[in-house]
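Every number in this text was worked out from the coordinates using simple rules, so none of it is lab data. Just so it is clear, the model here is predicted, and its values are computed rather than measured.
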Ligand SMILES: Nc1ncnc2c1ncn2[C@@H]1O[C@H](COP(=O)(O)OP(=O)(O)OP(=O)(O)O)[C@@H](O)[C@H]1O
Ligand SMILES: [Mg+2]
């Protein structure tokens with residue numbers, strides 16, 4: 001287990017100015033193997049930022065690198081306002097916490113004993129108060145005396161989160177915090193992350209749950225050894241997919257071309273799918289504000305408008321599109 005003997009017994013220091021994390025051309029190689037290369041991005045204070053990517057994409061390695069557990073091969077970064085280097089390791093670790101993929105608990109010790117051990121290791125003050133607050137945050141006060149080996153995977157995950165919360169970090173790195181959790185337990189973790197966000201904690205998480213990233217994250221980065229794209233989930237959708245409007249009328253339009261062609265903001269149309277009765281049309285449009293004009297045109301043409309909705313692409317669509325492109329590029 002990685003000791004953090006070098007932490008100080010004083011409370012976590014106040015945030016320094018500037019973004020929470022800045023990464024510039026960061027690269028990590030293990031011998032011949034490149035875990036990630038030339039990665040550049042920033043995370044603002046108080047942001048919930050998510051990293052997505054397939055197995056082996058380099059997500060855990062970048063978390064471990066920014067968490068000062070691995071030295072980068074090339075490039076630079078600042079974490080919590082401090083340049084990432086060996087000399088700043090202690091100071092950075094006082095301001096952050098990392099929850100690894102597996103929580104790393106002593107199975108024979110109780111939940112409270114584990115937390116007490118780590119609070120001692122981190123040389124934290126007010127250990128009882130911190131342990132109680134952390135257990136309350138993850139809803140585990142009533143299991144404090146249970147040995148960790150008797151806990152389910154999800155409960156152990158929550159103890160891991162409590163461990164990460166002990167030091168009141170400014171930046172919390174969570175490596176797949178909901179991996180293996182049932183939907184209710186995952187929702188509890190989402191609630192916890194939301195609570196931390198409201199307290200101004202910067203969260204950097206990795207996940208394979210795209211709906212989770214979409215619901216929780218202000219911005220996401222999609223990684224596959226290099227950073228493929230980064231932005232707000234809605235930005236990524238817009239960047240990757242043309243905007244479309246789905247129109248369904250009760251009966252087919254006599255002359256759809258006359259209705260749609262020439263409408264400002266409508267770039268083209270073709271017959272589309274529709275549910276149940278009616279006739280469907282898919283319009284390529286410049287933005288969602290085109291909808292009222294389309295509605296008026298359909299009604300003016302004497303048709304009954306049943307549905308008028310923008311087609312939604314999910315973050316999953318964006319992810320699959322980008323990662324599929326990588327697979328195609330590799331097999332070309
Ligand atoms: N200590 C190590 N020594 C050698 N190679 C490593 C080491 N750690 C990671 N790697 C390699 O670096 C690459 C990235 O691994 P990493 O664990 O960061 O991926 P990941 O995106 O977290 O994947 P997953 O979604 O499966 O957790 C992989 O090819 C992995 O085998
Ligand atoms: Mg990983």
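A few remarks follow.
- Percent of C-alpha pairs per 5 Å bin in region 37-143, short distances first: 2, 9, 16, 19, 18, 16, 12, 6, 1, 0.
- Estimated 222 nm signal from helices in the chain, with DSSP H stretches of n ≥ 4 weighted -39500 (n - 2.57), rounded to 500: -10000 deg cm²/dmol
- Viscosity 1.306 mPa s, 10 °C: Kirkwood-radius Stokes-Einstein D of the chain over Cα pairs, µm²/s: 71
- Mean-position separation - Cα centroids, region 26-50 and region 217-267, in angstrom: 30
- Normalised radius of gyration (Cα atoms, divided by 2.2 N^0.38 Å) for region 242-310: 0.95.
- All C-alpha pair distances within region 282-332, sorted into 10 Å bins from zero, spread as 20, 32, 21, 18, 9, 0 percent across the bins.
- Reported to the nearest whole Å, the Cα centre-to-centre distance from region 65-106 to region 119-151 is 23.
- If you wrap the Cα atoms of region 177-332 in a convex hull and average its projected area over all directions, you get 13.1 nm².
- Cα shape, region 94-186, gyration tensor, a/c 1.5 rule: oblate
- What the pair-distance distribution of region 37-80 shows, using all Cα-Cα distances binned every 10 Å from zero, is 23, 59, 18 percent.
- The share of alpha-carbon pairs in region 112-268 lying farther apart than 25 Å comes to 48%.
- Kirkwood Rh (inverse of mean 1/r, distinct Cα pairs), region 165-235, angstrom: 13.0
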